[in-house]
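The values are calculated or read from the model by the stated rules, or taken from the named source; none is laboratory data. In this text the structure is predicted, and so the values were computed from the model without any measurement. FYI the Cβ positions are ideal-geometry reconstructions off the backbone, even for glycines, and counts take in every protein chain you see.
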Amino acid sequence: MATLRVKYIKSSIGYPKDQKATIQALGFHKLQQTVEHQDTPAIRGMIQKVIHLVQVEETVSETV
């Protein structure tokens, strides 16, 4: 299954509360922090909401 590596690159100061809440829900606490999530529609929707604040890289994990 694919995973998404998401990096928090821009501060959420000055953005609406719902976007700040989405950043926290994705697991971010500090700028330049990177987290990995499973590629699900819910995570994709959260990323789309704050795409201007994060950088996304898709990784494919190979299972043997």
(message) Considering only residues that are within 12 Å of Leu4 (Cβ to Cβ), touching a residue at least 40 places away in the same chain (Cβ under 8 Å) and more than 9 Å from the chain's Cα centre (by Cα), which ones fall in the range 42-64?
(response) Glu57, Glu58, Thr59, Val60, Ser61
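Consider the range 38-64. How many of its residues are hydrophobic (A, V, I, L, M, F, W, C), in a loop (DSSP other than H, G, I, E, B) and modelled with pLDDT of 95 or more?
Narrowing the range 38-64 to residues hydrophobic (A, V, I, L, M, F, W, C): 42-43, 46-47, 50-51, 53-54, 56, 60, 64.
Remaining after also requiring in a loop (DSSP other than H, G, I, E, B): 50-51, 53, 64.
From the residues that got through so far, the ones that are modelled with pLDDT of 95 or more too are 50-51, 53.
The qualifying residues number 3.
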(message) Can you tell me which condition Leu53 does not meet? The list is (1) exposed (fewer than 12 other Cβ atoms within 10 Å of the Cβ); (2) in contact with a Ser or Thr (Cβ under 7 Å, 6 or more places away or on another chain); (3) not polar (S, T, N, Q), and all the others hold.
(response) (1)
(message) List the residue pairs whose Cβ atoms are under 9 Å apart, where the first residue sits in the range 30-41 and is touching a residue at least 24 places away in the same chain (Cβ under 8 Å) and within 7 Å of Tyr8 (Cα to Cα), the second is β-branched (Val, Ile, Thr) and part of a loop (DSSP other than H, G, I, E, B), and the two are 6 or more positions apart or on different chains.
(response) Gln32/Ile9
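Determine which member of the set Val6, Val35 is out of contact with any helix residue (DSSP H, G or I) (no Cβ under 8 Å at 6 or more places or on another chain), part of a strand (DSSP E or B) and surrounded by 14 or more Cβ atoms within 10 Å (Cβ to Cβ).
Numbers: Val6 fails: out of contact with any helix residue (DSSP H, G or I) (no Cβ under 8 Å at 6 or more places or on another chain).
Only one candidate passes the filter, namely Val35.
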(request) Any residue in the range 1-24 that's under 19 Å from Gln38 (Cα atoms): show its pairings with residues that are of a type in the set (A, V, I, L, M, F, W, C) and in a strand (DSSP E or B) at Cβ separation under 7 Å, as long as the two are six or more apart or on different chains. (result) Ala2/Val60; Leu4/Val56; Val6/Val35; Val6/Val54; Val6/Val56; Lys7/Val54; Tyr8/Val54
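Being assigned to a loop (DSSP other than H, G, I, E, B) and either exposed (fewer than 14 other Cβ atoms within 10 Å of the Cβ) or touching a Lys or Arg at 6+ places or on another chain (Cβ under 9 Å) (or both) is the filter here; which residues of the range 10-27 pass it? I'd like the intermediate steps shown before the answer.
We begin by selecting, within the range 10-27, every residue assigned to a loop (DSSP other than H, G, I, E, B); these are 10-16, 26-27.
Residues satisfying the conditions are Lys10, Ser11, Ser12, Ile13, Gly14, Pro16, Gly27.
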